[in-house]
Amino acid sequence: MRATSTRAVPPPAETDRHSDTDRVIGLAARFIASGYVFYLFVISDLIRMQAPYYPDWWTPLAMGLAFLPAVALFLASFRRAGPFIVRSSLACSVGYVLAAVGTLLLWPEGQIPNTPWLCMFPGLSAMAVALVFPARYALTYLAAVSVLSELLHLQRPDEQKASSVLSVIDNFTFSLPFVTALLVIIHTARVLDATRPQVYVAAAATAAARARELEHERFTDLIHDWVMAGLGSVSRHAAPETVRHQAQVALEKLDSVRDGPAGADEPVDAMVTAAALRTSVRDVSPTLDVDVHFSDGTDDLLIPHTTVRALSVSVAESVRNCFKHAGRDVVPVVTADFRADGVTITIADDGVGFDVEKHRPDRFGLRRMRDQVNRLDGASLRIRSQPGDGTTVTLTWTAS
């Protein structure tokens, strides 16, 4: 299977960090679970009052069906949104329905006093449905439990009865704002997660374009002010000392373009570094991208400018070597994993590979990468390859 490039993944929704949707669902799940605890406290006397009217085993079972799934929902709220929280939400919704249906089927011969305790919180189970399912399912479920709650209401004493239709509407409209608000909040979080990659890519592209523009301006000024001036001195037959001095200054200025000008080693953050890596890769292959991952703590990571430049040069050289030597139609996968104390960059392909032990270490491409990495404190270069098994180049930099 050929390796292919992938789009960058932005922080923090990307990859190792929880997305906004995960965080919102987690907070909402805790809110719903807290609501179950609140109602259990409020209606505990009502439950004890009505328990003697049912078989001894039913009230504990009904409470377990109605309230125990909230415990699982609370525990699931501390994990990323996934099967656990889906199953917990389903358990809340199904448990309430089973408890209500069982209460109807086991209704005593006489009428029990007060409103059945299950009628007090149908909206909570509907909110649990809204956590993980589309709006149409959540609203349909809310309508269903509103009807079910009214069927329980109809078992109360005659003097407490009201219009069934109005009661259903009242049950539905009381819980509707909470369910709707939750649906809107989760939808907004999903929209933010969906659009954030585009924002980060646009920001990275803007930063890269500005960096290229500044580099072009520096190079243009250097050529005009020093190289052309030196050539002019030669054409005017200036004194050798003057020509030598201007040539030396021009060479120093050219070195500053490679290594960065004085004061250019101001550290940059992980986003700017990712943009520089992406730019260096696209300079080699405009269609190739970098898969970027950010772990917790990378917001505070600062990387020196010379380190970013050396890593970018090495990555570009590795990608260039892949296109030259890995084989026809082989496309490398470039990944950059940023962590709190550094970054690891991997360039992998499934091409022809080579014997690392027998390969000449002084070949220009490898030597250039090693020279770049050897200049850096905390940097390392590792090349893993076997004939017929592709090549993986790993660049690692750790802040000292």
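The values are calculated or read from the model by the stated rules, or taken from the named source; none is laboratory data. All figures in this text were calculated on a predicted structure; none of them were measured in a lab. Neighbour counts run over all protein chains shown; Cβ positions are idealised from the backbone, glycine included.
Things worth noting here:
- Helices (runs of 4 or more DSSP H) completely within region 57-139 that count 3 or more residues being free of Cβ contacts under 8 Å to residues at least 24 places away in the same chain and under 22 Å from V42 (Cβ atoms): 58-76
- Any hit, region 369-379, residues being among the polar types (S, T, N, Q) and under 29 Å from the mean Cα position of the chain (by Cα): no
- Test for I186: is it in a helix (DSSP H, G or I), farther than 19 Å from F121 by Cα, of a type outside the set (K, R) and at pLDDT 80 or above: yes
- Taken over region 27-56, the criterion of being outside any helix (DSSP H, G or I) and either among the β-branched types (V, I, T) or free of Cβ contacts under 8 Å to residues at least 40 places away in the same chain (or both) is satisfied by I43, D56.
- Residue pairs meeting the criteria (Cβ under 6 Å; at least 6 apart or on separate chains; first under 16 Å from V281 (Cα atoms), in region 197-212; second at pLDDT 70 or above): A204/A275; A207/V272; A207/A275; A208/A275; A208/T279
- Check on D329, assigned to a loop (DSSP other than H, G, I, E, B), out of contact with any Leu (no Cβ under 8 Å at 6 or more places or on another chain) and on the phi > 0 side of the Ramachandran plot: yes
- Scanning region 294-319 for residues that are surrounded by fewer than 18 Cβ atoms within 10 Å (Cβ to Cβ), of a type outside the set (V, I, T) and assigned to a helix (DSSP H, G or I) yields a total of 2.
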